[in-house]
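Peer 1: Structure below; questions to follow.
The values are calculated or read from the model by the stated rules, or taken from the named source; none is laboratory data. Remember, predicted model here, so these are calculated numbers, not experimental data. Here the Cβ positions follow ideal geometry from the backbone for every residue, glycine too, while neighbour counts run over all protein chains shown. Remember, those area values only see protein heavy atoms, side chains included, never the ligands or the DNA or RNA. Shrake-Rupley method; radii C 1.70, N 1.55, O 1.52, S 1.80 Å.
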Amino acid sequence: MPLETEKFIIRPFEQNRKTTYFMETRYYIIFASVIIGLQLFIFIFNRTLYWLFAEKISSRNKKYLALLTFGIPNLLWLVQALQLFATARVIAFVLALLLFSAFISFGIATIHFFFRRTKFIAQIDRTLRLAYPFLLSGLIGLSVYNAYTPKVTHYDITFNKPMKSLRIGVASDLHLGKFFGGKELDKLAQIMNEQKVDLILLPGDIMDDNVNAYLAENMRPHLEKLRAPLGVYATLGNHDFFGYQNEITEEIHRAGIFVLKDQIATINNELVLIGRNDDLDKSRPTTAELLKQADLNLPIIVLDHRPSEVEIHSSLPFDLQVSGHTHKGQIFPANFITALTYRIDYGLEKIGNPYFMVTSGYGFWGIPMRLGSQSEIVIIDVKGNQ
């Protein structure tokens, strides 16, 4: 029997369906790209250090410096690759710092190039050397600010169906863990309340791989503050499928949030939600198969963590898909990679029949840094064609 209450009906998840998960080829490609990029950024950092301390460092000390700057980061990723210790976050932090340093080095080199033949070049170089640490600190500070200071993005859309006006709050990619927890959940709940949303959707990556930090920091009372008249609904993202999906599902349920795992929820016989497992679950049913169980006369919203099937979904009879996953690249220039990977990696666009909305996410992956993107809560005002 379906689970029924006053407000909604949820069709049961097929418990006997065998679920399989695969590590994607793209992760190996990304890992290889990171290693290559790491060598380039270390090289630029070395050259910058040589320039910064041009009059204070000997040739011998330059060799020792190169050994340290190349050796330590590469030792970290080798340890991670051999699974001796978990160093992924440290590598991400080092890579971000080297990237920020490369941005500043490029700017400094550009200024030096244009003024290299002037009589003021010595004074300019001295000023640039003094400015370097402040510029680097500024970029780090800006990236942390972007990670912890959410912006609220508003969209207005019209469904080609009769319906009551509806305000939806969307927050994806919370990645609840060591660096993102109770305080950020309280802020999220406060903003949702201030925006007076009717419905809250959390399309995936609720936890950061497992529930360890969530339980250790007692985050449930904070997550329980997320409330809306029509309920709070979530799906599982790829980081929720790294072996702890059952524990993550249970903890989200305990906070009063409905987790839709390839399920359909009909709310007040006025609105249909379809929640899909992340595509790490290779045995998940297609959206077309799930739609066969839905009332197509009602407004239909699909929660799908990754916007990876936009072309397929564009011809299906639903009205809106909400997704996350891309983080809008999180740190520039990774946004170019996400833009090349997905038909829509950020924003709102009507493609074929449905609207597709991809958010940059409320939390972050790995390290509390964002550059070229910002933590985001999306508010969607929906009205019908009546």
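Peer 1: Kindly provide the set of residues from the range 53-97 that are assigned to a loop (DSSP other than H, G, I, E, B) and either surrounded by fewer than 11 Cβ atoms within 10 Å (Cβ to Cβ) or among the polar types (S, T, N, Q) (or both), ordered by number.
Peer 2: ALA54, GLU55, LYS56, SER58, LEU82, GLN83, LEU84, PHE85, ALA86, THR87
Peer 1: So, restricting to strands (runs of 3 or more DSSP E) that lie completely within the range 252-325, which ones have at least 3 residues that are more than 19 Å from ASN238 (Cα to Cα)?
Peer 2: Because the criterion is at least 3 residues that are more than 19 Å from ASN238 (Cα to Cα), the strands (runs of 3 or more DSSP E) in the range 252-325 that meet it are 263-267, 271-275.
Peer 1: Which condition does ASP186 not pass, out of (1) over 17 Å from PHE364 (Cα atoms); (2) open to solvent by 10 Å² or more (accessible area, probe 1.4 Å); (3) part of a helix (DSSP H, G or I), if it passes all the others?
Peer 2: Among (1) over 17 Å from PHE364 (Cα atoms); (2) open to solvent by 10 Å² or more (accessible area, probe 1.4 Å); (3) part of a helix (DSSP H, G or I), the lone unmet condition for ASP186 is (1).
Peer 1: For a quick check of your reading of the model, give me the residue pairs whose first member lies in the range 285-305 and is under 10 Å from LEU320 (Cα atoms) and in contact (Cβ under 8 Å) with a residue 60 or more places away in the chain, whose second is assigned to a loop (DSSP other than H, G, I, E, B) and open to solvent by less than 10 Å² (accessible area, probe 1.4 Å), with beta-carbon atoms closer than 7 Å and at least 6 apart or on different chains.
Peer 2: Going by the 7 Å Cβ cut-off, the qualifying pairs are PRO299/PHE159; LEU303/LEU260; LEU303/ARG276.
Peer 1: Go through (1) farther than 19 Å from ILE200 by Cβ; (2) modelled with pLDDT of 95 or more one by one and return the number of the condition GLN321 breaks.
Peer 2: Among (1) farther than 19 Å from ILE200 by Cβ; (2) modelled with pLDDT of 95 or more, GLN321 violates only (1).
Peer 1: A follow-up question, please. Kindly provide the set of residues from the range 151-173 that are among the charged types (D, E, K, R), at pLDDT 95 or above and either open to solvent by 40 Å² or more (accessible area, probe 1.4 Å) or farther than 30 Å from PHE356 by Cα (or both), ordered by number.
Peer 2: Selection gives LYS151, ASP156, ARG167.
Peer 1: If you check ALA96 against the conditions, is it touching a strand residue (DSSP E or B) at 6+ places or on another chain (Cβ under 7 Å) and within 24 Å of LEU40 (Cα to Cα)?
Peer 2: When the stated conditions are applied, ALA96 passes them.
Peer 1: Here's something else I'd like to know. Tell me which residues, restricted to the range 124-164, are among the aromatic types (Phe, Trp, Tyr), under 30 Å from LEU320 (Cβ atoms) and more than 26 Å from the chain's Cα centre (by Cα).
Peer 2: PHE159
Peer 1: What single numbered condition from (1) touching a Phe, Trp or Tyr at 6+ places or on another chain (Cβ under 7 Å); (2) buried (at least 16 other Cβ atoms within 10 Å of the Cβ) fails to hold for TYR148?
Peer 2: Among (1) touching a Phe, Trp or Tyr at 6+ places or on another chain (Cβ under 7 Å); (2) buried (at least 16 other Cβ atoms within 10 Å of the Cβ), TYR148 violates only (1).
Peer 1: Mind listing just one residue for me: the one in the range 327-344 that is within 20 Å of ILE312 (Cβ to Cβ) and either of a type in the set (Lys, Arg) or at pLDDT 95 or above (or both) and, of those, nearest to the chain's Cα centre (by Cα)?
Peer 2: ILE344
Peer 1: Another question about this same structure. Filter the range 98-123 down to the residues that are more than 26 Å from SER137 (Cβ to Cβ) and open to solvent by less than 60 Å² (accessible area, probe 1.4 Å) and list them by number.
Peer 2: The answer is THR118, and nothing else.
Peer 1: Note down all Cβ pairs under 8 Å where the first residue falls in the range 233-251 and is in contact (Cβ under 8 Å) with a residue 60 or more places away in the chain and under 16 Å from LEU280 (Cα atoms), the second is open to solvent by less than 10 Å² (accessible area, probe 1.4 Å) and assigned to a helix (DSSP H, G or I), and they're at least six residues apart or on different chains.
Peer 2: LEU236/ILE248
Peer 1: While we're looking at this one, here's another question. Of the conditions (1) in contact with a helix residue (DSSP H, G or I) (Cβ under 6 Å, 6 or more places away or on another chain); (2) touching a residue at least 24 places away in the same chain (Cβ under 8 Å); (3) open to solvent by 10 Å² or more (accessible area, probe 1.4 Å); (4) not hydrophobic (A, V, I, L, M, F, W, C), THR338 satisfies every one except a single condition; which number is it?
Peer 2: Among (1) in contact with a helix residue (DSSP H, G or I) (Cβ under 6 Å, 6 or more places away or on another chain); (2) touching a residue at least 24 places away in the same chain (Cβ under 8 Å); (3) open to solvent by 10 Å² or more (accessible area, probe 1.4 Å); (4) not hydrophobic (A, V, I, L, M, F, W, C), the lone unmet condition for THR338 is (2).
Peer 1: Would it be correct to say that ASN218 is out of contact with any Pro (no Cβ under 7 Å at 6 or more places or on another chain), modelled with pLDDT under 95, in a loop (DSSP other than H, G, I, E, B) and of a type outside the set (A, V, I, L, M, F, W, C)?
Peer 2: Taking the combined requirement at face value, the residue does not satisfy it.
Peer 1: Right, here's the next one. Can you pull out every residue in the range 129-160 that is assigned to a helix (DSSP H, G or I) and farther than 24 Å from VAL94 by Cβ?
Peer 2: Residue satisfying the conditions is LEU130 alone.
Peer 1: Of everything in the range 237-251, what is open to solvent by 20 Å² or more (accessible area, probe 1.4 Å) and either outside any loop (DSSP other than H, G, I, E, B) or under 23 Å from ASP295 (Cα atoms) (or both)? Give them in sequence order.
Peer 2: Hits for the range 237-251 are HIS239, GLN245, ASN246, GLU247, GLU250.
Peer 1: Has the range 358-380 got at least one residue that is more than 16 Å from the chain's Cα centre (by Cα) and either over 22 Å from HIS239 (Cα atoms) or among the hydroxyl-bearing types (Ser, Thr, Tyr) (or both)?
Peer 2: Looking through the range 358-380, at least one residue is more than 16 Å from the chain's Cα centre (by Cα) and either over 22 Å from HIS239 (Cα atoms) or among the hydroxyl-bearing types (Ser, Thr, Tyr) (or both).
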